[in-house]
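The values are calculated or read from the model by the stated rules, or taken from the named source; none is laboratory data. Please read all numbers here as calculations on a predicted model, not as lab measurements. Backbone-built Cβ (ideal geometry, glycine too); neighbour counts: all protein chains shown.
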Amino acid sequence: MSKAYWIAAYRAINDPDALAAYGKLAGPAIQSGGGRFIARGVPAQVYENGLAERTIIIEFDSISQAVATHDSPAYQAALEALGDGADRDIRIIEGA
């Protein structure tokens, strides 16, 4: 079974306080779902249409584990705390 990667690309942070509240809930929810943070931060370099905004890569053992974590009550509570605090693009992809 291939690993899965949850990639979060932030287009804009509208409310830093809401993002901080989200982070306090999201990190533990993701880790309890089996997620391992691989990289997070602002890109060192961007190309083409890339945005120099916060990006996070999280590894899971499977697609189903990543989806279940996203859909879990604990992560949904984190999303509620975030509200409109950020404009993000979340993708879950299968590893090669």
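Quick check on segment 14-24: of everything there that is part of a helix (DSSP H, G or I) and not aromatic (F, W, Y), which residue is surrounded by the most Cβ atoms within 10 Å (Cβ to Cβ)?
Restricting attention to segment 14-24, the residues satisfying the condition of being part of a helix (DSSP H, G or I) are 16-24.
Subset that is not aromatic (F, W, Y): 16-21, 23-24.
Numbers: P16: 10, D17: 9, A18: 16, L19: 19, A20: 12, A21: 17, G23: 14, K24: 10.
Only one residue tops the list, namely L19.
Which pairs do you get when a residue that is within 23 Å of A66 (Cβ to Cβ), found in segment 34-47, comes within reach of a residue that is surrounded by 11 or more Cβ atoms within 10 Å (Cβ to Cβ) and of a type in the set (F, W, Y), reach meaning Cβ atoms under 6 angstrom, with the pair 6+ apart or on two chains?
Here the result reads G34/F60; G35/F60, each pair linking segment 34-47 to a residue that is surrounded by 11 or more Cβ atoms within 10 Å (Cβ to Cβ) and of a type in the set (F, W, Y).
Here's the yes/no breakdown for (1) more than 23 Å from D17 (Cβ to Cβ); (2) surrounded by fewer than 14 Cβ atoms within 10 Å (Cβ to Cβ); (3) β-branched (V, I, T):
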site: R40; (1), (2), (3): no, yes, no
site: E48; (1), (2), (3): yes, yes, no
site: I56; (1), (2), (3): no, no, yes
site: S62; (1), (2), (3): yes, no, no
site: D71; (1), (2), (3): yes, yes, no
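Among the residues of segment 65-88, which ones are of a type outside the set (A, V, I, L, M) and either in a strand (DSSP E or B) or free of Cβ contacts under 8 Å to residues at least 12 places away in the same chain (or both)?
Our first condition is that a residue be of a type outside the set (A, V, I, L, M); within segment 65-88, this holds for 65, 69-73, 75-76, 80, 83-85, 87-88.
Those that are of a type outside the set (A, V, I, L, M) and either in a strand (DSSP E or B) or free of Cβ contacts under 8 Å to residues at least 12 places away in the same chain (or both): D71, P73, Q76, E80, D87, R88.
Taking G27, is it modelled with pLDDT of 95 or more and surrounded by fewer than 16 Cβ atoms within 10 Å (Cβ to Cβ)? Lay out the reasoning, then the answer.
Numbers: modelled with pLDDT of 95 or more: yes; surrounded by fewer than 16 Cβ atoms within 10 Å (Cβ to Cβ): yes.
Criteria met by G27.
Taking A44, is it in a strand (DSSP E or B), surrounded by fewer than 12 Cβ atoms within 10 Å (Cβ to Cβ) and over 10 Å from the mean Cα position of the chain (by Cα)?
Working: in a strand (DSSP E or B): no; surrounded by fewer than 12 Cβ atoms within 10 Å (Cβ to Cβ): yes; over 10 Å from the mean Cα position of the chain (by Cα): yes.
In short, no.
Checking G34 against (1) at positive phi; (2) in a strand (DSSP E or B), which single condition isn't satisfied?
Answer for G34: the failing condition is (2).
Looking at (1) touching a residue at least 40 places away in the same chain (Cβ under 8 Å); (2) under 29 Å from A96 (Cα atoms); (3) not acidic (D, E), can you tell me which one N14 breaks?
(2)
So which residues in segment 73-96 are touching a helix residue (DSSP H, G or I) at 6+ places or on another chain (Cβ under 8 Å) and closer than 19 Å to L19 by Cα? Step through it out loud before you land on a result.
Step one: list which residues in segment 73-96 are touching a helix residue (DSSP H, G or I) at 6+ places or on another chain (Cβ under 8 Å), which gives 74-75, 77-79, 81-86, 90, 92, 94.
Those that are touching a helix residue (DSSP H, G or I) at 6+ places or on another chain (Cβ under 8 Å) and closer than 19 Å to L19 by Cα: A74, Y75, A77, A78, L79, A81, L82, G83, D84, G85, A86, I90.
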